[in-house]
Amino acid sequence: MVAKTRKQTGKSPGQTPTERDRNLHHVSPHSKSNIRRPGRESKAFSHPNGLSVIGHKLGLTSSSLWKLGVTILLGEYHLSQLFENDRHFSHLSNLEKEMAFRTEMGLYYSYYKTIIKAPSFLDGLHMIMNDRLTEYPLVINTLKRFNLYPEVSLSKVSALFVFQVASLFASYILGYLVAAKMQSILVTHMITLGVCFILMFGNSMLLTSFYASSLISIWVIIALRDRFIQVFKPGVVIWVMQGLAWVGSTVLLKFLLSTVFGASDDAHISGLIKSKFTSYKDFHTLMYTCAAEFDFMEFETPVRYLKTLLLPINLLVVALVAARVTKTSAKTEDADEALVYHSLQLVAFTVLAILIMRLKLFLTPHMCIMASLVCSRQLFGWVGEKFRHQAVVFGLVAMMAVQGVANLQAQWAIIGEFSNLPQEELLNWIQESTRPDSVFAGAMPTMASVKLSTGRPIVNHPHYEDAGLRSRTKLVYSMYSRMSGEAVKQNLMTLGVDFFILEDSWCTRRTRPGCSMPEIWDVENPENVGKIPFCTHLSRNSRPYFNTVFSNDIYKVLKFSKDLR
């Protein structure tokens, strides 16, 4: 039997891809009848217990499934208790509970609220598919815009699938995935992307994403694998050339598709990536990078990984996997494929987390998964006999638990109660003192709360991924620029705004040099540098451009007079 080789080796020019794949995977009929791959025995299917079948599909025993279920329940209870301790959520009024849903959480929950309060489900569905409250006066299909299907909610982070596909492609380049298997995975991704595109009413952002371009690029590279073998030497050279071909063709195809479809919804992603490696900056990239969660990973995170031993163990595991790969000239176990893939996925998540701190939520769980490999005899058999290995694992877990228990105790010690009296006063005033069709503008997080709790039309919201919404928000945020009052008022009148909710903190807050709203606007309007921000004038006196109709310690509501329009 010919084993699958680790490296892509050159073949004679006369050999066809079909013949090559046949040779790579050829097994005689006699051999096939006598060979059982690990975990493929039919024993699991002989039991009527459904858990056995599920466990077989997942590669887990019934006992492991029960343990996994208990762990999930304990984790759910832990998180719900943390939230309850922090907010005292169960004792809040309905308005306070809604106020606890900030930014996009509040926006998405407002659509759920719309459906459950509608006369019927179909009426509610029609209302969110013909919504005029979110981006007044536009009528938008929120199912298309906001990925409201639970089944396709992951499409919102479709950019992350680029890194998953990249890890798979790297496994293919190294010889740990044969062409046929890689293509079957690509087909699955393409079908899923197509289903998302249909269910989201033809959202062009899906087809013009780096993810879609990456799928096409990898398919073409695999189709041309024989040409690569003929032109380049086997080994590192062909690996590098295939990687460069993937990066170059993906970027080129993405911009070609964006041009053809006229899509610019994800242009901010390109700008954000560009700003990480160059001095490039504009209004939209600064809106992201000035937020701590979109900045580079802070130093405290790797320190915490060190204290819990998560980082050292992961470095050891990846080093052992790399040593296993480089030392073994040929592989015969599918487990190697999984080890290589997850190691590459860990590298991808590490790069993401370093560039954008917010994305460490993908890195940390994967580090925990990789750390569990200390229990693997396959990687750590060199430690010694089974009992010694178990003792080492127990010792490591005990050492990790020292900081782990301290972390849990610190989390459990957080006791608080949600309270935001200024915003509660604002929402109550809007509900009682304005017409149902009054149109509001302001900071994106506040607008989500206004729509959720009052049902008033708004012109901007926190879903910043849409190009049109970014343009509208830029007009709204001109209130915090150094423009003239006439120019700002004209911007808001263009959107049909009746009331603007001014927050002084947005005018003065400065997370770091160059990151206050007036300073962000200085990048767009350098000719206004040095002038007093318009919001500063309004904090003193809103006339002659607006009338102050409500104010408290945090919020000031400015009204346009209809006769002045």
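Observations on the structure shown:
- For region 493-504, putting each phi into the Karplus relation 6.51 cos²θ - 1.76 cosθ + 1.60 with θ = phi - 60° gives couplings of 5, 4, 8, x, 6, 9, 10, 10, 9, 8, 10, 4 Hz, in residue order, rounded to whole numbers and with x for Gly and Pro.
- Stretch gain in nm, segment Glu298-Lys97, where the contour uses 0.36 nm per residue and the Cα spacing is subtracted: 69.2 nm
- Shape of region 504-565, Cα gyration tensor, a/c cut at 1.5: oblate
- What you get for region 421-564, charging only the Cβ of Lys and Arg (+1) and of Asp and Glu (-1), is a dipole of about 180 debye around the Cα centre.
- When the Cα positions of Pro544, Cys515, Phe440 are compared along the charge dipole of region 421-564, Pro544 comes out farthest toward the positive end, with charges on each C-beta of Lys, Arg, Asp and Glu.
- Taking other C-beta atoms within 10 angstrom as a stand-in for reagent exposure, Ser80, Ser209, Ser270 fall in the order Ser80, Ser270, Ser209, fewest first.
- Translational diffusion of region 386-425, µm² s⁻¹ [Kirkwood Rh, Cα pairs; Stokes-Einstein; 25 °C; 0.890 mPa s]: 182 µm²/s
- In a fully extended conformation the segment linking Leu252 and Asn130 would gain 40.4 nm over its present Cα-Cα distance, using 0.36 nm per residue.
- Footprinting exposure proxy for Val529, Val439 (fewest neighbouring C-beta atoms within 10 Å first): Val529, Val439
- Computed E for Met400/Ser505 - FRET, C-beta separation, R0 45 angstrom, nearest 0.05: 0.65
- Shape category assigned to region 369-446 from the gyration tensor of Cα positions, a/c cut at 1.5: prolate
- 20 Å cut-off, amide nitrogen to a point 7 angstrom out along Ser438 Cα→Cβ, residues in region 89-124: 95-96, 99
Bear in mind these aren't lab numbers, they're just calculated from the coordinates by the rules spelled out. The model shown is predicted, which means the values in this text are computed figures rather than measured ones. Positions of Cβ are generated from backbone atoms using ideal geometry, with glycine treated the same way; all protein chains shown enter the neighbour counts.
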